[in-house]
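Here's the structure we're looking at; comments come further down.
Every read-out reported here was derived from the displayed coordinates using simple, explicitly stated rules and does not represent laboratory data. Given the structure is predicted, the values throughout are model-derived calculations rather than measurements. Here the Cβ is made from the backbone with ideal geometry for all residues, glycine too, and neighbour counts use every protein chain on show.
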C-alpha cells in the first residue's frame, strides 16, 4: 500500500483547499491516490505542510505529536489567542471548540486578513449530508453557494456553530474554518458564509 508524501502531495491538497473555500459547505476529497489510506495524523501533516511555514504561528489543541510537522515546516508554536492557524482535533471538539472560537484572532478593521483559520478534525464529514428538507437542519448561504446547502444538526456541530457565528458577526472581521476527517475529506467555511438553524419541528 502506498503512503502519503507530505511534500509532493501538497499541490493536490492546495487545489482542493481552493475548491473547498470557493464553494463553502461542499465536501471535497484530497484526490491524492486511491491506493492511499489516510489517518487523522496524516491529514494534519498534509494540511500542515500545505499551509504552514516559518512565518506563521500555530496552535494545536488535542493529542498530536507535531515534531515531524515542525521539522518540515519550521512553524512557530503559540497560544490559541495568537495563532494564525489553530488545529482542534476531534476528541477535543466538544470541550475546546467553542473556547477556540472565542479566543481566536478576528483581525482588525485595517487588517481583517489577520483573523485566524481554525481547522477542526471531524470523525466523518459524510454524515453532514444525511438530512431531508422536512427535517430540522443547518442552512448555509453566502458567496460561492448557488444551491441550498443543508447540514444535519449533529452534536459535534451544535457545540461550536453558535460561537463560530458570533466570531464572524462583524464582517470583514472573523475566522475562517476548515473541517476535515481521517478519510481525506475537506469542507471550507469562510467568514462570508452564513449558517442558520432551520427548525422544522412541529410543536
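If you rank 68, 156, 87 by fewest surrounding Cβ atoms within 10 Å, what's the result?
Listed from fewest to most nearby Cβ atoms, that is 68, 156, 87.
Counting other beta carbons within 10 Å of each residue's own, what order do 171, 85 fall into, fewest first?
171, 85
Which ordering of 69, 120, 154 is given by a fewest-first count of other beta-carbon atoms within 10 Å?
Lowest to highest Cβ neighbour count: 154, 69, 120.
Looking at the chain only, what percent of DSSP beta bridges run antiparallel? Nearest 5 please.
45
How high is the relative contact order of region 145-203, given as a whole-number percent (alpha carbon pairs under 8 Å, six or more residues apart)?
24
Between residue 68 and residue 19, what length in nm is gained on full extension when 0.36 nm per residue of separation is reduced by their alpha carbon distance?
Value of the extension gain: 14.9 nm.
For Rg and Dmax of the Cα atoms in Å, the choices are [x] 19.5, 71; [y] 16.6, 56; [z] 16.0, 47; which was calculated from the structure?
[y]
Using a cut-off of under 11 Å, list every residue of region 71-86 whose amide N is near the label point 7 Å from the Cα of residue 99 along the Cα-to-beta-carbon line.
80
Most mobile of 122, 27, 145 per a Gaussian network model of the chain (Cα springs, under 10 Å)?
145
Mind checking which of 53, 41, 147 has the largest fluctuation in a GNM of the chain, springs on alpha carbons under 10 Å?
Comparing 53, 41, 147 in a Gaussian network model of the chain, the most mobile one is 147.
Treat each spin label as a single point 7 Å out from the Cα along the C-beta direction, and report the residue 127 to residue 113 distance in nm.
3.7
Could you grab the relative contact order for the chain? Cα pairs under 8 Å, six or more apart, rounded to a whole percent.
Dividing the mean separation by the residue count of the chain yields 25 percent.
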